[in-house]
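As structure tokens, the structure follows; a few thoughts come after it.
Derivation of every value follows stated rules applied to the coordinates shown; laboratory data play no part. Owing to the predicted nature of the structure, the values given are computational and were not obtained by experimental measurement. Here Cβ is always computed from backbone atoms with ideal geometry, including for glycine, and neighbour counts include all displayed protein chains.
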Amino acid sequence: MIQDVTPWPGGTSHDPSGADFNELMAQNIPFCMISSSQLSTVNLNRFREIIIPSAQNQAFYDNLFPDGSFSSEISSWVAHGGVLSANLADCASAPDAGGGWSFSACSTDASSYTFVGGVGHVGDFSNDNNIVASSSPVVTGQYGGDDAGQVDDNGCLQDLDCWASSSHAYFTNLPDGATVILSEQNGPVFVEYGYGDGLVIATTTSIEWRYDYFQQNFQNLKLLANEIGYQNFKAMCQEKDGDGHFNGNHGKGHF
């Protein structure tokens with residue numbers, strides 16, 4: 001996991017390292033956590049999965065998108081069979097966040113950086129998200145462990161709507177064959193697509209905000225649990241060259 005800022009901290013029932021950290025621990029998935037400035041020093045070939053959390057600062061996005069294009073190291077890693085889960089809700093109000101993956105980020109003049117496969121985004125805060133691919137494991141929750149569950153679209157502060165905001169942007173320029181999982185009125189907000197031999201799962205939803213929602217009775221863990229569980233399932237299915245072990249800050253893993 002590459003994280004500079006805890007996305008939307010505030011859930012008193014959870015570890016202060018953030019929603020993604022908590023859900024990885026809940027699913028007993030071994031992982032390492034680095035900052036964006038450490039990316040160039042890490043051998044990505046040790047890993048099957050990478051997670052990028054939402055709501056980061058500008059330095060984070062500039063490190064991951066040097067000169068406006070997504071990291072060639074991560075893109076190459078995906079193309080060779082890695083599974084990238086990218087939570088790309090930017091321009092967030094979280095403490096120490098507020099960065100964006102755009103030129104002139106978070107302004108009316110913003111022009112999107114380029115993500116894996118040429119994908120871009122347009123800032124558009126929406127409180128109304130809709131299910132497009134009802135059979136996707138991101139929706140059904142079949143791989144997400146104890147926190148997972150069926151995602152429904154049936155009212156405010158349930159699964160999808162009224163999270164102030166439910167999504168921060170919509171994706172543009174999706175590659176052929178991409179699966180749109182969730183959308184808002186102007187475009188996709190949760191997608192899945194192949195890139196080379198690997199897979200990208202990406203969202204502009206406020207997926208960690210609802211997980212660590214400040215009103216504990218309304219915390220909604222399902223969408224993030226579903227995403228992480230599905231990513232882990234897909235990574236285990238990928239054919240990877242090599243065979244060995246790594247020791248992470250939060251456990252051990254096999255590659």
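For 8, 163, what ranking results if the residue with the fewest other Cβ atoms within 10 Å of its Cβ goes first?
163, 8
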Exercise for review: Order these peptides, 218-225, 40-47, by their mean beta-carbon neighbour count within 10 angstrom, highest first.
Suggested key: 218-225, 40-47
**Study point:** Peptides ranked, highest mean first, by Cβ atoms within 10 Å: ranges 67-78, 189-200, 118-129
**Key:** 189-200, 118-129, 67-78
Review point. When the Debye formula is applied to the Cα atoms of segment 19-254, each taken as the same point scatterer, what base-10 log of I(q)/I(0) results at q = 0.08, 0.16, 0.17 Å⁻¹?
Key: -0.26, -1.18, -1.36
Exercise for review: Arrange 162, 237, 32, 91 by Cβ neighbour counts within 10 Å, fewest through most, would you?
Suggested key: 237, 162, 32, 91
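Report the antiparallel proportion of the DSSP beta bridges in segment 19-254 as a percent, rounded to a multiple of 5.
Values: 25 of 36 bridges.
Restricted to segment 19-254, the bridges split so that about 70 percent are antiparallel.
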Review point. In µm²/s, what is D for segment 189-233 at 37 °C and 0.692 mPa s, where D = kT/(6 pi eta Rh) by Stokes-Einstein and Rh is the Kirkwood radius from Cα pairs?
Key: 280 µm²/s
Revision key, fill the gap. Residue-ordered couplings for segment 63-74, obtained by feeding phi - 60° into the Karplus form 6.51 cos²θ - 1.76 cosθ + 1.60 and rounding to whole Hz (Gly and Pro as x), are 5, 7, 10, x, 6, x, 10, 4, 2, 5, 5, 5
Check your understanding: Rounded to the nearest 0.05, what FRET efficiency do residue 173 and residue 146 have when you use their Cβ-Cβ distance and R0 = 30 Å?
Key -> 0.25
Revision key, fill the gap. The set of cysteines in the chain having no other cysteine's C-beta under 4.7 Å reads 32, 237
Review point. What is the Cα centroid distance between segment 159-205 and segment 45-108, reported in whole angstrom?
Key: 15 Å
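Please sort 147-157, 206-216 by packing, taking for each peptide the average over its residues of neighbouring beta carbons within 10 angstrom, highest first.
On the way: 147-157: 16.0, 206-216: 21.8.
Going from most to least packed, we get 206-216, 147-157.
Could you work out the helix-only [θ] at 222 nm for the chain, with each DSSP H run of four or more residues adding -39,500 (n - 2.57) and the total divided by the number of residues, to the nearest 500 deg cm²/dmol?
Numbers: 6 runs with 48 residues, N = 255.
Helices in the chain give a 222 nm mean residue ellipticity of -5000 deg cm²/dmol.
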Study note, to complete from the structure: Computed about the Cα centre, the charge dipole of segment 70-212 from +1 Lys/Arg and -1 Asp/Glu charges at the Cβ has a magnitude in debye, to the nearest 20, of 260 debye
